[in-house]
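Here is the structure we will look at.
Readers should treat all values here as calculations from the given coordinates under stated rules, not as data from a laboratory. This structure is a prediction, so every number in the text was calculated from the model and none was measured. Virtual Cβ from ideal backbone geometry, glycine too; neighbours counted across all protein chains shown.
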Amino acid sequence: MKVLICDKTEKEYIEQMRAAGLTVDVRDDITPEELMTVLPNYEGMVVRSRTKVRQPLIDVCPNLKVIVRGGVGLDTIDHEYAKSKGIAVMNTPMASSASVAELAIGYMFALARSIYKATSSMKAEKWDKKSFEGDEIGGKILGLIGIGNIGRETAKRASALGMTVLAYDPYVNESNGITLVTLDELLAQADYISLHLPKTKESAGMIGAEQFAKMKNGVRIVNCARGGIIDENALYDALTSGKVAGAALDVFAEEPPTDWKLLKLDNVIGSPHIGAATKEAQARVGAEVAEKLIAFSKNGK
């Protein structure tokens, strides 16, 4: 089977695929325009967040049999359309779960203790202890919206820190040790709200002005899931009004953003979609991609 690697993949696992008999070409800087002319020669492709696989690309690739995304979601792929064309679509849902969960927890600490603002103050050669009285996160209520692999990893760490964990997930009926509640109950009770769900037609814009109005005053928001689930204009209003005390954002409706007003607020910290960007996660992603492609080449599934 001939496979095109379109985004960064660990070399060790590329060699593993080759050793298993796959013909693997690496074009991890390929442009969308080049992909339209190159991909029709391949039966398999590996993508990450950078490469988008939309219907027009799928339509010019009659030989394509499998798409593997190194990552959690499938929102960068028209996966239902691909499946309707007989193309298998896979991802690596477990590989980066711990890394994203750790970023979410790290962000909670950063918000609670004003770590970013305190560091900026020190870099400006100020010794301003009185301005940075914070809060402990132990004893606080964490509301998780989405309790899949990453949500469960976040819950495990939050519980160990002494947080009470509530979760809302319309697709989950039971979750060991985590209290499942309605969305309205979660919004009303949580001191911290962390998002861990894919962006779908149902979840797009699900946290807007109406939902912010139901939250506690002084709530803190963490989004390491997908941009576009939170209405960014409504979040801006909630942050400037004081309804939301702080927000930590790893993902944005547009990446990179074209409007930076959220990031310019004093009570917002952010990062450029780095949830899965750890050495350990990258190795696990590569290993799982190789495993799935090798199995597909042998079994057709």
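In segment 102-163, the C-alpha radius of gyration followed by the widest Cα-Cα span (Dmax) gives 14.3, 44 angstrom.
Remark: for residue pairs Lys2/Lys201; Lys199/Lys298; Lys85/Lys298, the C-alpha separation exceeds 30 Å in Lys2/Lys201; Lys199/Lys298. Computed from phi, the 3J(HN,Hα) profile of segment 201-213 under the Karplus parametrisation 6.51, -1.76, 1.60 (θ = phi - 60°) reads 4, 6, 8, 4, x, 6, 10, x, 4, 4, 6, 4, 5 Hz, with x in place of Gly and Pro.
Mean residue ellipticity at 222 nm, helices only, the chain: -10500 deg cm²/dmol; runs of at least 4 DSSP H residues each add -39,500 (n - 2.57), and the sum is divided by the number of residues.
For the chain, the Kirkwood hydrodynamic radius comes to 20.7 Å, computed from all pairs of different C-alpha atoms. The slack in the chain from Ser271 to Leu180, taken as 0.36 nm per residue of separation less the alpha-carbon distance, amounts to 29.8 nm. What relative contact order, as a whole-number percentage, does segment 97-270 give when Cα pairs under 8 Å and 6 or more residues apart are counted? That works out to 19 percent. Restricting to bridges with both residues inside the chain, how much of the DSSP beta-bridge set is antiparallel, in percent to the nearest 5? DSSP beta bridges in the chain are roughly 0 percent antiparallel.
Ranked by the mean number of other Cβ atoms within 10 Å of their residues, highest first, the peptides 269-280, 184-195, 107-118 come out as 184-195, 107-118, 269-280.
Annotation: for a label point projected 7 angstrom from Cα along Cα→Cβ of Thr278, residues of segment 86-101 with backbone N closer than 12 Å are 95-101. Return the FRET efficiency for the residue pair Glu255, Asp135: r is the Cβ-Cβ distance, R0 is 22 Å, and the value is rounded to the nearest 0.05. The calculated FRET efficiency here is 0.15. Please report the net charge: other residues with Cβ closer than 12 Å to the Cβ of Asn233, K and R +1, D and E -1. Around Asn233, the charge tally is -3.
Length available on full extension from Arg50 to Asp29: 0.36 nm per residue minus the Cα-Cα distance, which gives 6.6 nm. For segment 97-270, the mean projected area of the C-alpha convex hull, equal to one quarter of the hull surface, is 10.1 nm². Net charge of the neighbourhood of Ser203, taken over other residues with C-beta under 14 Å away and scored Lys/Arg +1, Asp/Glu -1, is -1. Charged neighbours of Pro272, selected by a Cβ distance under 9 Å, balance to -2 (K, R count +1; D, E count -1).
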